[in-house]
Amino acid sequence: MIQKSKRVEAFGTTIFHEINLLAAEYGAVNLGQGKPDFDGPEPVIEGAVAALRDSAHNQYADGRGLEALRIAIAQHEDSFYARQLDPDQEIIVTVGATEAIFAAILGLTDPGDEIIVFEPFYDSYVPNILMAGGIPRYCPLHPPAWDFDPDQLRSLFNAKTRAIVVNTPHNPSGKVFSPDELALIAELCLGHDVTIITDEVYEHIVFDEAVHTSMAQIPGVQDRTLRISSLGKTFNVTGWKIGWATGPAELVAGVQRARQFMSFAVAHPLQVGAVQALQLPASYYEALAAMYQAKRDRLVNALQQANLKPATPAGSYFVMADFSAVYEDDDKAFAQWLIREAGVASIPPTVFYSPPNQHIVSKQARFAFCKSDATLDEAAARLQALGQRI
Ligand SMILES: Cc1ncc(COP(=O)(O)O)c(C=O)c1O
């Protein structure tokens, strides 16, 4: 009998797919997936369109990424993190941050190695670790501050630990890891000779007084840190799936060895558009954070009005809200109920925890605010109408 491989047997369809289907069925305002419903900057789109019309860009690109893009990424790393990187050896372009993460796990760890992840985790980390034959070890973050117990983290490190995946600003909690937290992670990684894979796709989406510190800025661990980011989040072009990994040549070479046999090269014309994006002035990044901060406030306010107690995020474009005052069952039932009763879609966050720790968020829902003001206002009106009914 023809069967699926054991490697993927346990993976169901993603929660995003399930929620999207239900949201479409009920005509819900979809605040589930972190996918903007507005476009990226015009010069960036135009840059890609012009590249598509120029036949030079319609064939395979350099497998490491266009040289112009790697140079633009090097300039970005220098401007924001004072890192001077060699575009030939210390930067690699990938099919979104997602490919960079998977290639990093495949290229920098071996089967049987333990890899530490904070939970809630971005949904690809654990399947990636499992497909690579690794063993995930979990360090839970606890609401409302989404902090972790330093002793619990310490206890996860042992002779089998090969890597840790850090995600700051963090999806779905909106936590921005403090320099002290990052320094503790660094100290443990140094002590146990562990590689740091840091997913910083929301690096430019931070609010109020919060400051994003990159793991790659923490003294002593630069030579063991692979920093991953994505064009999609910073420039509102998630559909382009362009990401990158930066770090010491040895780590980048490991990533490249794996990814050359995954996608070989990244969409060529879109990389031309990506160069345009990274050449936007510094004011672009300030405007981006200000825009998302206003959207965050709009959504937080709407959730408060509906008694879905939100924790105001310091970064990313997600809000976690505690629904226990309005609904009794668990998060999965709540997400379905909210679609049916209010016409608003969210994501149940227990899917981002290992089974023993799912109880931590069984009364929470994740809402995305990377949406037009009109979409957020419609969601607010629907939540308010629900609040009046119950
Ligand atoms: C934490 C995190 N990492 C990675 C990704 C994926 O990035 P990309 O679309 O560039 O693959 C996302 C997208 O939601 C994310 O939230």
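Here are the numbers:
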| read-out | value |
| --- | --- |
| Percentage relative contact order, the chain, counting C-alpha pairs under 8 Å, at least six apart | 25 percent |
| Gain upon complete extension [Ala333, Ala374; 0.36 nm per residue less C-alpha separation] | 12.1 nm |
| Net length gained if the chain between Asp297 and Ser178 were fully extended (0.36 nm per residue, minus Cα distance) | 40.6 nm |
| Debye, to nearest 20: dipole size of segment 248-307, +1 on Lys, Arg Cβ, -1 on Asp, Glu Cβ | 160 debye |
| Excluding exposed DSSP-loop GluC sites (Glu not before Pro) (at most 13 other C-beta within 10 Å), longest clean stretch of the chain | 1-208 |
| Rounded percent of accessible protein surface that carbon and sulfur make up, segment 162-290, 1.4 Å probe | 54 percent |
| Counting DSSP beta bridges with both ends in the chain, the antiparallel % (nearest 5) | 50 percent |
| Order of exposure, largest accessible area first, which applies to Lys371, Lys309, Lys363, Lys233 with probe 1.4 Å | Lys309, Lys363, Lys233, Lys371 |
| Loop chymotrypsin sites (Phe, Trp or Tyr not before Pro), segment 253-323, which have at most 14 other Cβ atoms in a 10 Å radius of their Cβ (DSSP) | Phe261, Phe264 |
| Using a Förster distance of 35 Å, the FRET efficiency for Phe264-Leu21 (Cβ separation, nearest 0.05) | 0.60 |
| FRET E, pair Ala56, Ile2, Förster distance 51 Å, beta-carbon r, rounded to 0.05 | 0.75 |
| Sparse-neighbour loop sites [chymotrypsin sites (Phe, Trp or Tyr not before Pro); segment 41-94; at most 13 other C-beta within 10 Å; DSSP] | Tyr60 |
| Contour excess over end-to-end distance, with Cα ends at Ala253 and Glu341 and 0.36 nm allotted per residue | 26.6 nm |
| Rounded to the nearest 10 Å², the accessible area of Phe102 at probe 1.4 Å | 40 Å² |
| Global form of segment 64-221, assessed from the alpha-carbon gyration tensor, a/c cut-off 1.5 | oblate |
| For segment 290-362 and segment 130-157, distance of Cα centres in Å | 22 Å |
| Ellipticity estimate at 222 nm from DSSP helix runs (n ≥ 4, -39,500 (n - 2.57)) divided over the chain, nearest 500 | -13000 deg cm²/dmol |
| Members of Lys241/Lys332; Lys332/Lys371; Lys309/Lys363; Lys241/Lys363; Lys175/Lys241; Lys175/Lys233 lying beyond 21 Å, as alpha-carbon distances in this model show | Lys241/Lys332; Lys332/Lys371; Lys241/Lys363; Lys175/Lys241 |
| Span from the segment 20-37 Cα centroid across to the segment 172-217 one, whole angstrom | 30 Å |
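The values are calculated or read from the model by the stated rules, or taken from the named source; none is laboratory data. Note that the structure is predicted; figures quoted are calculated from it, not measured. A quick note on method: Cβ atoms are made from the backbone with ideal geometry, for glycine too, and the neighbour counts reach across all protein chains shown. Surface areas here come from the heavy atoms of the whole protein model, side chains and all, with no ligands, DNA or RNA. Shrake-Rupley method; radii C 1.70, N 1.55, O 1.52, S 1.80 Å.
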